[in-house]
Each structure stands twice: as structure tokens, then as C-alpha cells.
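First up is the structure itself, then whatever we jot down about it.
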Amino acid sequence: MRQVFFFFTVLSIVLAVTSSPRVHAQSDAQYNLPDLADSNSLQHYVRQVWTTREGLPHNSVNAMVQDQSGYLWLGTWQGPTRFNGRDFEIFDDVRVTGLPDIGIYTVALNRCNGSLYVGGARGGISRYDEGSWRELEPAPPFINQLSIDDQCNLWVASSEQGLLFYENDERSVAFTTEHGLPSNAVYQSVVDANDNLWVATNKGLAVKTANSTQFTVIDSVPGNLIRELHLGPDDKLLVGTEQGLYRQQSDNDFVPFIPELKASISTIHHSPDGYLWIGTYRQGVWRYDGRRLDSLNVENGLPNNHVLDIQNDHEGSIWVSTHGGLVQFRDALFNTYSKAHGLAGNYVRAVYQWQGALYVGTSNGVSRIDAEGVHTVGPATDIPNQSVLSLAEYQGNLVIGTYTGGAYVWNGNTIVEHWHSENILPDNEVRQIAVHPDIGIVMGGPGGLTHIHNDNISYVTQVDGLKNNYTTALSFDHQGQLWAGSVSGVVKIALQNNGDHFSYQIEPVDLSTLNDAELVFQIQEYQGYLWFASDRGLIIYNADDDSWRIFNRDTGLPFDNYLSVAFDGAANLWLGTNRGALLIPHDAFTATLSNPQKPLIYHRYTEVDGMSNSQVNSGGPALFRTSDGNLWFATATGVSVIDPGSISKLAATPPPTVIATVTADGETLSYGERVAADTQRLAFDYAGLGYLMSEQIRYQVRLVGFDQDWVNKGRFTTAEYTALPADDYLFQVRAAYPGGEWSKPATFAFSQSEHFWQRPMTWLLLGLGTLLLAGFIVRARLRYLDRSRQRLEAMVKEKTTELEAIARQDPLTGLGNRRAFDERLKLEVKRSARSGGLLSLAIIDVDYFKQVNDEFLHTIGDQVLIELARRLRRILRDIDYAARWGGEEFAVLLPDTGLEQAYDAAERIRLAIERHDFSHLIGDKQLTVSIGVASNQHYPDHSSLLVAADKALYEAKNKGRNRTEKK
């Protein structure tokens, strides 16, 4: 009853948290940190790179386009490739595409009908539409560009025969030097808003006006190679030359644009947010906002300096293709400050807000981050030489705790005090700091606690009652009690001011019932509750009724080790771990509090979400919520910050969902098709075509006619159904980003055929036949009653014998079942008792078998058990008896065998299974077993023998699995 009260009390507090004051908040008037929305330089974008290691068929991505479904199409030297954010689908079979070779240099989308055109090095052109390819009349090699005009006609820029025009996919016109082009080596063409046709060649730029039959060469642009033409939002033409950019000023008049960019231009793109993106031949990618240039090259994150194409997707991400791979620039959930942005050091332990700025403690001193940028604290002092572990405010100053230099008291301009081992500290490592307005400052390190109040200095160590001197966490609660965590546990300290000194009443905290937790990294009071981030889980303490609860793997979290804890303004819980930042949504947390059997739902964020490093460190404090509600994480490569509200903003538009393939027993199924009656397995492969947080997309599926409601699939992109009843079905799948709305479902209709005996006519005929047959049987039985009775008695006897055998046999492995084994065990125990012989029992458990079922499905799991049973039959003697004990457990009786002999036999079984090749079933995953052995030498009756063997098995599993233990 007390535990239930605790759950619902915490629930009510968390529900009320949205109206509560912010933790560590300072007045917003003082707040002086940079606006995260204004910090999206090229360095602040999340950059994700795909190369051949991640499945890209070739590192040179020559061209890109996003189709109307949301797929990203890539032109590579290994074929046209379709990308859904996680997987690459490569169309490299020329018998399917109709292309002369697989090298693709250009792609184009026809927005009139959604079809896709690809062009290759040898002049091949093919069109992809609704899953099928159609070959067009080829162009001369080499095709430099395909483009679609507003009338949905196709223009082909060739390297040898000028510009080709295709109408309704049929070639009709070719423009060459005979029409005034300066060269037949054409690189691009553009039709502007006035129907003027602009053509880029290797000898300059030419234009054919709407009413003209001849081209005019543009003299205001250099008469050499032009790779790129681009119509800007103002309908002015930008020309990318080998000498830089030129911009259209009037009809045929072009002037240099962004003259400071002296580079050979390879591609130009305007993004929806107004930026001009420029790809260069050798100098990487550039971005221009109308005032300044920002660039990125191989020295700061680009895989290759030769940029081939730039595109934006429907969600606003920018994609840059290079000779070294594909790069996505996207708005990140997290922004990062590291040494590249001016931070003193990359390894961060502590983050704290003081006097309107954020202070970051690194392995190379302290940095201040404010609206003006990143600054080093005390550059002319010893602070930059220190590795900083903790930060806190005391008497209006900033206290900086270090690893080897003690604690520095900084007033914003200079060091006003320096506490170290030669004056007041027991040692120079100050790992944690806690401050109370009435009690003073307490510092903790390897030597215990140092308490300073005015001019009084006191020390608290193990001698006084600490569980361990090495302090890892410190926090005052609202009652002024000090909670101290160490490498050996937690204590609660009541401090009493006696005038000239303090007394300390220390009460140890027993965490043994909470997953044996000992090492606590942070203690945070929030809304009257204490939250402990520990090595065994997140622990919550309710002081009102002195009750505790722990959240870890057992409650649905991915692991047990947590280094820091904080709440955001929406009552969502955040945890810092060495494997990223964890968000537990408010609703998910309260649902688990009210129903302890309900697993926690969480979202984990790592480098792909913008964190500089997924290793969030421990420190004092390592996770800090500033007065604007942003959360700052101390990591191994800088400090990462997130505005929790940005999650809902990024997730506001759900990713479009597509059903990629549907198969029935491995054969592709078409929409609306009828499935054969004997079909055993239907598989649906689907994807959410979202690229902002593709790793975070969640799915739900529903088979209308079979499922009552939506079924959560998590991140799985496959749904399977077996042995469906005959009916009409509609498969639906939808996707969502964490915290976002669900997408409109993608659907697939099909029908499951019935077997001939399931048809109504079949049943009618069968009924009539049955009646006739019944009459015949009755007459026959009346004539041969005696003979039939004898035959029936014989059959009953025979069937009874068969059923008795079946009742004692496991139908999957063919071994004896639990019932048969129990009977055999009792028989063997009685036999050995009468004869005085030896009898041993071994219980075998397959290690991590649930992972096999989860990863390879139960069908493969069953095959693994069958093969394991075959191995047992080959290994065991004729007098031994094996049975399937249940699930993935087997039991083996070893008559005339003592404990040591049984142990040796069990080890032979274990090694034989470990060395057996199961790769045809489970790939490179190794299968092992744990075995417990017991003998009637010590356990004469069958019950004690079973319990002993089971305990031995439990020990084998607890000691690491893949081993044998005996009792």
C-alpha cells in the first residue's frame, strides 16, 4: 500500500511540474546566451556522411533528386540508386533498366507525372515510372545533364552532338554549332520564365530567345568551360564558370557575383531558407546568406572537395554529393560547442550558468559562452592549465573545482581565493561542490568532505561515518540536509550549527534492495523528491513516506548506468549516459508510475542527432538546465545543448510512409492480388521517408480484417503474417518522429484465397456425400457388427498405445517431454536406490535464446532447437535419456554415472554445441549453453536432485553463461 501511495504521489507531483519554477533558473533579464536558432553556421549543422561502408554503391554521387513519394534518387557509377534514409536500393541490372551500362551521371524528375529519368556515360537514357523502367532512344556519349522544362519536355546535354530535345519521350530536335552554339560540348541547359533557352558549353554561354531560331553567344561571361546554370528565386540566371560566379544583370548582361569566391564552380542551389549553396571543383561547398560566405571542405568535415551536386529535400535538409560520398546537412536537435568553436578543451566535465552566461569546465580550463561568442576564463591565470571537474556559485563568485589544482574562486575578473592541499583542502581534487545559503559550501573529492562556513573549516571522512572518502555526488535538499554519494554508497548528513562549529549526524542509506546500487554520480532534488543517477539505475526517494523506487532495464530502460538527471519545462525526464542522452516523455513516465508493469518508453539521442559525442560525462554538474529551458550536456567532445521544444518542431511533420515490397512465400505480390490458399508467410517491407531523424522513426501497422488496433513495431521496417484465414485484407502502416503526429497510412490491399474444401459448394457436396456414405456405413455395420466390433477394439488398443507414446514425446525435437522425463527420473531414482548405483542429472539451457527468436523469428529458433536435439542424440550413450525440459531447456539422465563423470560429460556436450556450426540458421551469431549437474551421491530423491541441478544451472548463468556448474 505504501508503494502504491508513492507511485501516485510522484505521479501527481510530476503532473504539476509544468507550472513549477525552473531548476537553477536565473532571471531572464540576465540571460545572455546565444540564440540557438541563430547559430546554424555550416559547423553547427548535423552532418551525416554515407560512403560505400554505409551501403552507398559508389562514393561518387554524380547527381541527386527527390521524387514525389519522398525517395532520394542518386546517380552513381554503380547504377541509379534509391535511398530511404537507411537503406540503398541499387538498380544495376541493365536487363531491367534497358541502359547500355550502369554508370549514371545525371538524374531528373518530371514533376508533371512523377516519373524519373536517368542518363549515363555511354548515352543511355531510361525512364522509371511506378516500379518499371522504359528505355528511350539513346543520346551520343557522354550525357552531361538531363533537365525537364515547364512543358514536361526532356532536354539532353551531350558532350559531342550539342543539345537534344525529346518530346513525349521521342527525340525530335538537336541544337548544334549550326544553330549558333559556340561548341557541341554542352554541359547544361535552362529555359527561363520568358521561354529563353540558355546553354552552357565548354566555350562559353549562349542563349536562344523564344522567337529566334539561332543562338547568341554571351560575351559578358568568360568563353570557356561552364558547368552550371541556375535560375534564382528572382528569375535571374547564375552562371558557374571556372573563374567564379556570374549573375544576370539584364537580358544579356552578366557581372561577377561574390567576387571573393575565386573558384571553379560545379553546382549551384538555392535552399528554401534563402541561402545560396555553391559547390566547387576543388574547394568544397560554400554557403552565402547575402552578406557573408561560409565554407566547408575536407579539413573540417567534407569527405571530398569536389562537389558534384547540391539538393534540398522536402524536410529542408541539404544534400551535398561529392567524389568521396554523400553528405546530409540538417537542422540538429542538438547544437555543439567544441574546440573548433573556441572552447578551451573538448573533454567537458561541468556546465553551469552564472551571471547571465554559461560556464563550461573542460580538461583545459573554463570557457564562457554568451551572446558574443566563446571566451576563455582567466587567460592570464593558472585556470587554463587546470582540468575542471565542478562549478558552483558561492557568495556571488564562481567556484571552479579542478582535478589537480584545488578550487579557484573567480569574481568575473580575477581569482579572489585559491583553496588547495597546502592551505585548507585534504587534497587537490575537487570533484563535487554543494552550496547552501545558511550552511556554506561543501567540497568533495578523494579525501572526503571539506565544509567552509564563514571562517570555519570542518572535515568529514569515513571516520565520521562516510561510506567512502571518494565523493562522487553532493546535494542539499530543501530541508538543508546534505546527501553525499561515493563509490561505496550514499549517506544523509544533518548539519547542526553550534555557533563556533558544526556537528554532523550521518545516516547511511541502504540501497541493497535497489539492484545493489552503490556508485551515485548525481543527486538532484526536484519537486520535493530526490533523484539519484547511479550505476544500477535511476533511483527516486520520497522523503514524506521514506519510500524508494528504481528504474533500470527491468522497467524498460536500455541500460542501468546513468550519470546525470534533469527535467525540462514540459516535465519530461532527461538522463545523461555514456551512450547518449535519454528522454523519457512525461506521459510515458507517469504511465509507468501508475502501472509498474508498463515498460518505460524512451528516446535516445546520439551523434546523429547533433551531439558532438554520445559519451555524456559525469561531473558537477554534467547536465544543466539554463534559465531559458535549454539543456546542456557535458560530453567527451565539447558541450551539446538542446532546446527541448525543438523536438516537437522537427517532429511536427510526419515522414511520408511507403510500402516498398510485399512478398508471399518469397514471391512479389501486386496490389489487389489474390494470394494462393497454401501461402504460409506474407511479408511487408516499408519505410518512413524522413531524413531529419531517420534513426528515430517509429512505426505502427494494422492488418484490417485481422488486427483489432494499431500494432507498435518500434523501429522495425518489416511486418510478417503467417497462415492467414481466407478473407479480404487491407494492410496499413504509418510512421512518426518521436513526439510527433502519425503520418497518413500507406495501404496495400490483397485477398487470401480459401482451400477448395473451404468453399460453400464443396461443403454442400460434402454434406450430401456424407449422408449417402452414412447410410451405406449403417447398413454395412448392421451386417458385419461382430467383425467391426473386433476390428474397432483392435484399433482402439493400437491408437491408445500410439497416444500414450505421443503424450510423452516433444513434437518439435522428437525427444521425451517433461512428463516422460519426470516418469523416467522417478523410475531411475528407484532403480538406483534398489541397486545402490549412481545416477546423475544435467539440465541444459540455451544462452540468450530470446535474442535468436527476436532477431531471426521463432521459425528459425525452432530449427535451432531441432538441430541441438540432434547433437544431443549423437553425443549421449545408449543408456542415457534426454528430454526437452521446456522452452530452450533440456534435461539429460546419466545412469551409472557419478558427479565428476557427469560433469565431464556435460562439458563434452557444452563444447560440442559451442563448436557446432549453426551459421546456416543464425549467421555469425554463436550458440552456447549453460549446464547444471547434480548426482544422487548427494541428493538421493528425485525432487532434491532436480532442485540441485537447477541451482547449478542458475550459478552457471550468473557466472557468465557458456559454462558448467555442479552441485
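The values are calculated or read from the model by the stated rules, or taken from the named source; none is laboratory data. Just so we're clear, the structure is a prediction, and the values are computed from it rather than from any experiment. Here the Cβ is made from the backbone with ideal geometry for all residues, glycine too, and neighbour counts use every protein chain on show.
Among the residues of segment 950-967, just one is part of a helix (DSSP H, G or I) and over 12 Å from residue 843 (Cβ atoms), namely 958. As a summary of the residue check, residue 59 satisfies the conditions (1) at pLDDT 90 or above; (2) out of contact with any helix residue (DSSP H, G or I) (no Cβ under 7 Å at 6 or more places or on another chain); (3) of a type outside the set (D, E, K, R) except for the one numbered (2).
Which residues, taken from segment 494-512, are over 18 Å from residue 548 (Cα atoms) and not acidic (Asp, Glu)?
Residues satisfying the conditions are 494, 495, 496, 497, 498, 499, 501, 502, 503, 504, 505, 506.
The strands (runs of 3 or more DSSP E) located wholly in segment 655-752 that include 3 or more residues which are under 26 Å from residue 132 (Cα atoms) and in contact (Cβ under 8 Å) with a residue 60 or more places away in the chain occupy 657-664, 681-688, 727-736, 746-752. Out of all the residues in segment 686-719, which are under 28 Å from residue 66 (Cβ atoms) and loosely packed, with under 15 Cβ neighbours inside 10 Å? If the condition is that a residue be under 28 Å from residue 66 (Cβ atoms) and loosely packed, with under 15 Cβ neighbours inside 10 Å, then 695, 714, 715, 716, 718 are the ones that fit.
The set of residues in segment 720-746 that are of a type in the set (Ser, Thr, Tyr) and exposed (fewer than 15 other Cβ atoms within 10 Å of the Cβ) contains only 722. For residue 331, the stated conditions do not hold, so it cannot be described as under 30 Å from residue 298 (Cα atoms), under 31 Å from the mean Cα position of the chain (by Cα), modelled with pLDDT of 95 or more and of a type in the set (D, E, K, R). List the strands (runs of 3 or more DSSP E) that sit entirely inside segment 200-310 and contain at least 2 residues that are under 27 Å from residue 148 (Cβ atoms). Correct list: 204-208, 226-231, 237-241, 244-248, 254-257, 265-270, 276-280, 285-288. Of all residue pairs spaced 6 or more apart or on separate chains, those with beta-carbon atoms under 9 Å, a first member in segment 420-444 that is within 15 Å of residue 522 (Cβ to Cβ) and a second member that is in a loop (DSSP other than H, G, I, E, B) and of a type in the set (Lys, Arg) are 444/431.
Filtering segment 84-109 to residues that are of a type in the set (S, T, N, Q) and surrounded by fewer than 18 Cβ atoms within 10 Å (Cβ to Cβ) leaves nothing.
For residue 192, the stated conditions do not hold, so it cannot be described as of a type outside the set (Val, Ile, Thr), free of Cβ contacts under 8 Å to residues at least 12 places away in the same chain and within 17 Å of residue 249 (Cβ to Cβ). Does any residue of segment 500-520 turn out to be within 26 Å of residue 572 (Cβ to Cβ), surrounded by 22 or more Cβ atoms within 10 Å (Cβ to Cβ) and polar (S, T, N, Q)? No, the conditions are met nowhere in segment 500-520. Taken over segment 39-82, the residue count meeting the criterion of being without any contact (Cβ under 8 Å) to a residue 60 or more places away in the chain and either in a loop (DSSP other than H, G, I, E, B) or surrounded by 20 or more Cβ atoms within 10 Å (Cβ to Cβ) (or both) is 13. Here 560, 568 are screened, and the one residue that is surrounded by fewer than 21 Cβ atoms within 10 Å (Cβ to Cβ), acidic (Asp, Glu) and touching a residue at least 24 places away in the same chain (Cβ under 8 Å) is 560. Only a single item in (1) closer than 29 Å to residue 65 by Cα; (2) modelled with pLDDT of 85 or more is not met by residue 740, and it is number (2). Among the residues of segment 569-608, what is the count of those that are of a type in the set (Phe, Trp, Tyr) and outside any strand (DSSP E or B)? The qualifying residues number 2. Regarding segment 199-206, can at least one residue be identified that is surrounded by fewer than 21 Cβ atoms within 10 Å (Cβ to Cβ), among the polar types (S, T, N, Q), in contact with a Lys or Arg (Cβ under 8 Å, 6 or more places away or on another chain) and at pLDDT 95 or above? Taking every residue of segment 199-206 in turn, none turns out to be surrounded by fewer than 21 Cβ atoms within 10 Å (Cβ to Cβ), among the polar types (S, T, N, Q), in contact with a Lys or Arg (Cβ under 8 Å, 6 or more places away or on another chain) and at pLDDT 95 or above. Taking the criterion of being free of Cβ contacts under 8 Å to residues at least 12 places away in the same chain and either in contact with a helix residue (DSSP H, G or I) (Cβ under 7 Å, 6 or more places away or on another chain) or of a type outside the set (Ser, Thr, Tyr) (or both), the residues of segment 131-159 that qualify are 131, 151. Starting from residues that are among the small types (Gly, Ala, Ser) and touching a Ser or Thr at 6+ places or on another chain (Cβ under 6 Å), keep the ones in segment 835-888 and report whichever is modelled with the highest pLDDT. Among them, the one singled out is 840. Of all residues in segment 181-197, those being under 46 Å from the mean Cα position of the chain (by Cα) and not in a loop (DSSP other than H, G, I, E, B) number 6. Scanning segment 154-181 for residues that are surrounded by fewer than 19 Cβ atoms within 10 Å (Cβ to Cβ) and over 21 Å from residue 135 (Cβ atoms) turns up 176, 177, 178, 179, 180. Of 458, 475, 486, all but one fail to be more than 45 Å from the chain's Cα centre (by Cα) and crowded, with 17+ Cβ neighbours inside 10 Å; the exception is 458. Residues that are buried (at least 16 other Cβ atoms within 10 Å of the Cβ) and in a helix (DSSP H, G or I): does segment 885-896 have at least one? No.
So, in segment 914-940, exactly how many residues are of a type in the set (Ser, Thr, Tyr) and more than 15 Å from residue 964 (Cβ to Cβ)? Going through segment 914-940 one residue at a time, the tally reaches 2.
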